[in-house]
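Student: Sharing a structure, written as structure tokens. Questions coming.
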Amino acid sequence: MERKLDVLIDARTISNRVAELGREISRDYQGRHPLLVGVLKGAVVFLSDLMRSLTVPVEIDFMAVSSYGYSTTSSGVVRILKDLEKSLEGKDVLIVEDIVDTGLTLNYLRENLASRKPNSLKVVTLLDKPERRRVEFTADYCGFVIPDYFVVGYGLDYNEKYRHLPDLCILKGEEE
Ligand code: IMP
């Protein structure tokens, strides 16, 4: 089937919203030194823009968890493929994710990281697709709530393709 990309959120709109999130997070973390935990690979572009919009000093680390593989349907199984380098004990941890879909990944990650005794633990997601939730999950900060489309670009992929696109696009004709 032929693929088609329609722009859902353009680069300028993303950039404005990321700057707003940066201001909000900087206010909330005033006087602190949060650790941003990026979830590979989709959150890489968002994290790199978000960290530059923050006015508080940050550290960064990354985790990789199993995701959809070669299908756009979630398996519901979450596995840690790459863990953090350092202990979270006493740290103000902010998980940075690209999208909350079924909620399974972040639900698992939040519980897993909470058990490592951080001083605080919050989640920022660029996108939220609440229609597809399988477990209850609410992020502390969210860029955009979107309808149930499969989106690519700005770090998000389909079979490792399209991550480099500056706009967030709806992918049609290649799903499933
Ligand atoms: P969840 O566990 O179902 O919430 O899925 C979260 C992960 O699924 C995200 O980190 C993405 O890697 C992937 N994902 C969910 N929806 C999309 C989408 O529309 N485009 C690209 N990846 C997606």
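Student: Kindly state which strands (runs of 3 or more DSSP E) lie completely within the stretch 1-66 and contain at least 3 residues that are surrounded by 15 or more Cβ atoms within 10 Å (Cβ to Cβ) and more than 17 Å from the chain's Cα centre (by Cα).
Tutor: The strands (runs of 3 or more DSSP E) meeting that bar number zero.
Student: What are the pairs with Cβ atoms under 8 angstrom where one residue, in the stretch 112-125, is farther than 23 Å from S48 by Cβ and touching a residue at least 12 places away in the same chain (Cβ under 8 Å) and the other, located anywhere, is among the β-branched types (V, I, T) and loosely packed, with under 14 Cβ neighbours inside 10 Å? Sequence gap at least six, or different chains.
Tutor: N112/I80
Student: Pairs please, first residue from the stretch 86-102 and free of Cβ contacts under 8 Å to residues at least 12 places away in the same chain, second anywhere and of a type outside the set (D, E), Cβ atoms under 7 Å, 6+ apart in sequence or on different chains.
Tutor: Matching pairs, first to second residue: none at all.
Student: Kindly establish whether F150 is surrounded by 13 or more Cβ atoms within 10 Å (Cβ to Cβ), of a type outside the set (K, R), touching a residue at least 24 places away in the same chain (Cβ under 8 Å) and under 21 Å from E24 (Cβ atoms). Outline the logic, then answer.
Tutor: Working: surrounded by 13 or more Cβ atoms within 10 Å (Cβ to Cβ): yes; of a type outside the set (K, R): yes; touching a residue at least 24 places away in the same chain (Cβ under 8 Å): yes; under 21 Å from E24 (Cβ atoms): no.
Answer is no for this residue.
Student: What is the residue count in the stretch 121-144 for residues that are under 21 Å from D6 (Cβ atoms) and in contact with a Leu (Cβ under 8 Å, 6 or more places away or on another chain)?
Tutor: 3
Student: Moving on. Go over the candidates L113, L168 one by one and state the one that is surrounded by 13 or more Cβ atoms within 10 Å (Cβ to Cβ) and within 23 Å of D61 (Cβ to Cβ).
Tutor: L113
We did not get these values from a lab; they are worked out from the coordinates using the rules stated. Everything quoted here is computed from the prediction, not taken from an experiment. All Cβ positions, even for glycine, are placed from backbone atoms using ideal geometry, and neighbour counts span all protein chains on display.
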